[in-house]
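So the structure is just underneath, and the comments pick up after that.
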Amino acid sequence: MASRIIKHRKAVLIAFVLVTILSTAAQFFVSVNYNMVDYLPEDAQSTKAMDIMEREFQGDVPNTRVMVTDVTLQEAVNYKKSLESIDGITEVLWLDDMIDLKTPLEMADAGTVENYYKNNNALFSISVRSGDEVRIIEEVYELIGEDGAIAGEASNTASSQTMAGSESMYAAMLLVPIIILILVISTSSWVEPLFFLTAIGVSVLINLGTNIFIGEVSFVTQSVAPILQLAVSLDYAVFLLHSFADYRKTAKSPEEAMELAMKKSFPAITASAATTFFGFIALTFMQFEIGSDLGLNLVKGIVLSFISVMVFLPALTLYFYKWMDKTQHKNFVPSFTGIGNRVVKLKFPSLILVLLIIVPAFLAQSNTSFIYGTGTPPESTRVGSDIKIINESFGETTPIVLLVPKGDAAKEAELVSDLEELDYVTGVIAYVNQVGAEIPPEYLEESITEQFYSEHYSRIVINTNQATEGDIPFQIVENVEAAAESYYGADALALGESVTLYDIKNIVNVDNIVVNVLTVVTIAIVLLLSFRSISIPIVLLITIQAAVWINLSIPYFTNTSLVFVGYLIISTVQLAATVDYGILFTENYYHYRREMPAKKAMIKTLDEKTFSISISAAILSSVGFILWITSTNPIVASIGLLLGRGALLAFISVLLVLPALLLVFDKLIKKTTYKANFYEEK
């Protein structure tokens, strides 16, 4: 295969260039989905309720709040009419839907009035059609001016869509120079880093383009997958070209050197890609399909990166290797000789420290408080500052919509009465309390009844004074569902942002167990086959898993909430991506252990491999921290921070903990490894 690729290198280059051009064009036809509700499984309660709502009723669930400042009641009514006239706003709820404005406000319930009109500020609850958030929110801002504010699901989605493209470009502009700098330091040629980036860049573009066969991707995948693919698979290109440079010193021709390099690096690159591949495969088993969407793209990306490095990069290099020769520079890297001795002396302190930390870290990461939605945007953004302004003026409000079978007005009135008595409920909008249970809906115009009744269902809107998620909001959801179930059983369905997040919470808690178990088991099997050892996979997994637990425990000790999607993805990605450091290190140690005693083999391995592992960790860590710095989307920023910190912790763990474990358990490793052939002093 290697000789064929080298022989037909011109055809290989042309084929890859054509596919890359087509893929670059195709990626612009892939739509990006910013709605987390769409990624819930079809049998989720809120998904069923949403389907019925869309089928039976014209208006959507109120998902956004709009505040207009310094207005009279009549001006507020005019603003309401203007909001209703915007195409895509399917419903606007305000004070006039709760009370008759012809009567003096002093006569009305003060709590009800202050939910919608307070200190000459009016607060409207609007329903925004999914898919048109950017245009609709822009039109609302034009209407309400600079002094107005918007908060809610639709404004968050619009902000994410608006910022996604510019933030990805900003991240790439920061990241590429940093990666080039890191690679220049680690190589002996000024242009060699461009070969690495070209090979992986081509695979990233092809991955983005082939998403056209999927149709659409989630906003998390669009923001994270390309950069993560680049960071995780760059090592494959480094392995191959470093091997090529070594063989050029002894081979008769560049073609022979490349063929030998391809054969030598193939097992290492395959093992590295396989662990990452199976780690990402675990994400595809998530019921909450944002994880499986990202997992599918990363799996596809790893396969394409592997093909690009083993097929495209050799052809590219043989065409332009003379550029590498002409742009040689002196070695910028100081010698790492001596680090092995120092690390080996720390083996027992390192083990003691890990043993002291690992149990508290495991328990802490299991008890971290989580955010299940997108989180709150930074106050430095318009969206974040608007949320703060509205919450300070009116407090937090989250609507819940109940759909119950139509037909029994008395039962519906009893349910509404019970709902009004629930804690944190500020108002209930239903036919039986807004129009009257004693008035048959058949006698009224459809324009009056359509917001309450469809052919089969009655719709009840419950306003609460809490946020969309947390212990209290989720308790409210449970109380509302319990009240409805007591009257209608399983026929009652709830929906709304807090209900969706409650469903996500229940689903991803199960996903967490499934994904983590699958990740560990599949990577363990790959390691077992690679090293033909029972103990080495355990040692490697303990090393990296300790770093994962420490990373995920930090939010608990700093008393910060963690975006759960970020937690779930990183618990897989960090293990899958950084176990490569351990594989590279252990393979080298294993090779020397057959020629010399354990301590001497470890010192030599540390002296030789510390730098190459630090380069991999620096690239992955840079990717993470740049995602964190550049993204205003809390999910993407959370993934970035965890990835950046996780890569550094994994590097420290491989540098200090792995050598200690390999030395302490040397005899056990020898006994549990097939044909270990370890060196023994006579």
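Miscellaneous remarks
- Estimated FRET transfer efficiency when R0 is 56 angstrom, pair Lys252-Ile214 (beta carbons, to 0.05): 0.75
- Each peptide in 662-672, 236-246, 151-161 receives the mean, over its residues, of other Cβ atoms within 10 Å, and ordering these scores from highest gives 151-161, 236-246, 662-672.
- Peptides 291-299, 422-430 ranked from most to least packed by the mean count of surrounding Cβ atoms within 10 Å: 291-299, 422-430.
- Relative to the longest principal axis of the Cα atoms of the chain, the long axis of helix 313-326 makes an angle of roughly 60 degrees.
- Spin-label model, Val517 to Lys671: label points 7 Å out along the Cα-to-beta-carbon direction sit 3.0 nm apart.
- Ratio Rg/Rh [Cα only; Rh per Kirkwood] for the stretch 41-158: 1.01
- Count Lys and Arg as plus one, Asp and Glu as minus one, and take only other residues whose Cβ is under 10 Å from that of Ala261; the net charge is then 0.
- Of the peptides 387-398, 545-556, the ranking by mean beta-carbon count within 10 Å, highest at the top, reads 545-556, 387-398.
- Extension gain, Tyr443 back to Phe348 (0.36 nm per residue minus Cα-Cα distance, nm): 25.8 nm
- Helical mean residue ellipticity (222 nm; -39500 (n - 2.57) per DSSP H run of 4+; nearest 500) of the chain: -22000 deg cm²/dmol
- Whole-Hz couplings from phi, Karplus 6.51/-1.76/1.60, listed for the stretch 450-466; x for Gly and Pro: 5, 6, 9, 10, 10, 5, 10, 10, 10, 10, 10, 9, 10, 9, 10, 9, 10
- Note on Leu73/Ser166: beta-carbon distance plugged into 1/(1 + (r/R0)^6) with R0 of 51 Å gives a FRET efficiency of 0.80.
- Residue order, fewest to most beta carbons within 10 Å, for Thr337, Thr112, Thr221: Thr337, Thr112, Thr221
- Area projected by the alpha carbon convex hull of the stretch 382-501, averaged over all directions, nm²: 8.3
- Residue-span extension gain [Ser188 to Glu42] - 0.36 nm each, minus C-alpha spacing: 47.1 nm
- Our summary of shape: the Cα atoms of the chain have principal axis extents of 100, 52, 41 Å, ordered from largest down, in whole angstrom.
- Straightening the chain between Ile21 and Lys81 buys 16.7 nm, computed as 0.36 nm per residue apart minus the Cα-Cα spacing.
- In this structure, Glu450 and Val303 have a Cβ-Cβ separation that, at R0 = 60 Å, corresponds to a calculated FRET efficiency of about 0.70.
- Simple spin-label estimate for Met1 and Ser486 in nanometres, 7 Å along Cα-Cβ: 6.6
- In this rough spin-label picture, where each label sits 7 Å from Cα along the Cβ direction, the Arg129-Gln434 distance is 2.1 nm.
- Cut-off 11 Å, label 7 Å out along Cα→Cβ of His329, residues of the stretch 176-190 by amide N: 180-190
- Of all DSSP beta bridges in the chain, antiparallel share, percent nearest 5: 85
Read the figures in this text as sums done on the coordinates, not as results from a lab. Please read all numbers here as calculations on a predicted model, not as lab measurements. As a convention, Cβ positions derive from the backbone with ideal geometry for all residues, glycine included, and neighbour counts pool all protein chains shown.
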